[in-house]
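**Student:** Here you go, one structure.
The values are calculated or read from the model by the stated rules, or taken from the named source; none is laboratory data. All values derive from a computational prediction rather than experimental measurement. Here the Cβ positions follow ideal geometry from the backbone for every residue, glycine too, while neighbour counts run over all protein chains shown.
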Amino acid sequence: MDRYLTINKESRVKIAVGACRFIASVGFCSSEEQARNFIHSVQGEFSDAAHNAYAYKIGSGDEAVIRTSDAAEPVGTAGPPLLSAIEKAGVTNVVLVGTRYFGGVKLGIGGLIRAYRACGQAGLEKAGIREKIGKKEYTLSIPYDFIGQVMKEISGFQGEVTEVRYGSRVEIDAVLLPGQLDVFQRKLNDVTRGQGMIKINNRNECK
């Protein structure tokens, strides 16, 4: 996922559907922890609401993480419509919470689905869309003799060094585009004469 579409900014929109009031809260998330924190924050802010349903999507393709919750609404009437708004917008790394204040008149199954979808679409429309470059952090392990050459290669691949540790070998944490990994690995092997190693650093995934 070198390049992907996500929201341009966090947003909040209020809409009325019949006698009910809906609030869409839209935020960024590059991990499930970030998504859950955003959801809990909104739930706490609107703790008096009848429902705080949500949907979020992180990543893309087969590796995408997708979660929804109807928050005690009838099954499939809240979380999935919010997710459909995300999918229709073509964005990822986004969390969407749909809050409903009950107005005394039931909307019915179809009405709820349409209302939550409209709520989500309104929130995403206000948030806007932008393209981002997805990067991952890798840890390189190399002999001391090659540190200058390896640093030069990282810069040449438009990478960024985030930390350097010195032990029996030099360990370099560097942010790189995933799509460049194969080429960079071959270059690292050439530069270090087969003595360099690289692995993904699961501690960080950059926005």
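**Student:** Name, by its number, the condition in (1) on the phi > 0 side of the Ramachandran plot; (2) modelled with pLDDT of 95 or more that does not hold for Leu112.
**Tutor:** (1)
**Student:** Now, a different point. Hey, any hits in region 102-109 for a residue that's of a type outside the set (Ser, Thr, Tyr), touching a residue at least 12 places away in the same chain (Cβ under 8 Å), outside any helix (DSSP H, G or I) and in contact with a helix residue (DSSP H, G or I) (Cβ under 9 Å, 6 or more places away or on another chain)?
**Tutor:** Yes, region 102-109 has at least one match.
**Student:** Looking for something among the acidic types (Asp, Glu) and under 19 Å from Arg21 (Cα atoms) - is there at least one such residue anywhere in region 78-87?
**Tutor:** Quick first cut of region 78-87, residues among the acidic types (Asp, Glu) only: 87.
From what's left, under 19 Å from Arg21 (Cα atoms): none.
Checked against the condition, which is being among the acidic types (Asp, Glu) and under 19 Å from Arg21 (Cα atoms), region 78-87 yields no hits at all.
**Student:** Checking Ile66 against (1) buried (at least 19 other Cβ atoms within 10 Å of the Cβ); (2) closer than 27 Å to Lys135 by Cα; (3) without any contact (Cβ under 8 Å) to a residue 24 or more places away in the chain, which single condition isn't satisfied?
**Tutor:** For Ile66, the exception is condition (1).
**Student:** I need the full set of residues from region 125-153 which are within 20 Å of Ser31 (Cα to Cα), surrounded by fewer than 17 Cβ atoms within 10 Å (Cβ to Cβ) and either out of contact with any helix residue (DSSP H, G or I) (no Cβ under 8 Å at 6 or more places or on another chain) or at pLDDT below 95 (or both), in order please.
**Tutor:** Matches in region 125-153: Arg130, Glu131, Ile133.
**Student:** In region 10-36, how many residues are surrounded by fewer than 22 Cβ atoms within 10 Å (Cβ to Cβ) and more than 13 Å from the chain's Cα centre (by Cα)?
**Tutor:** 12
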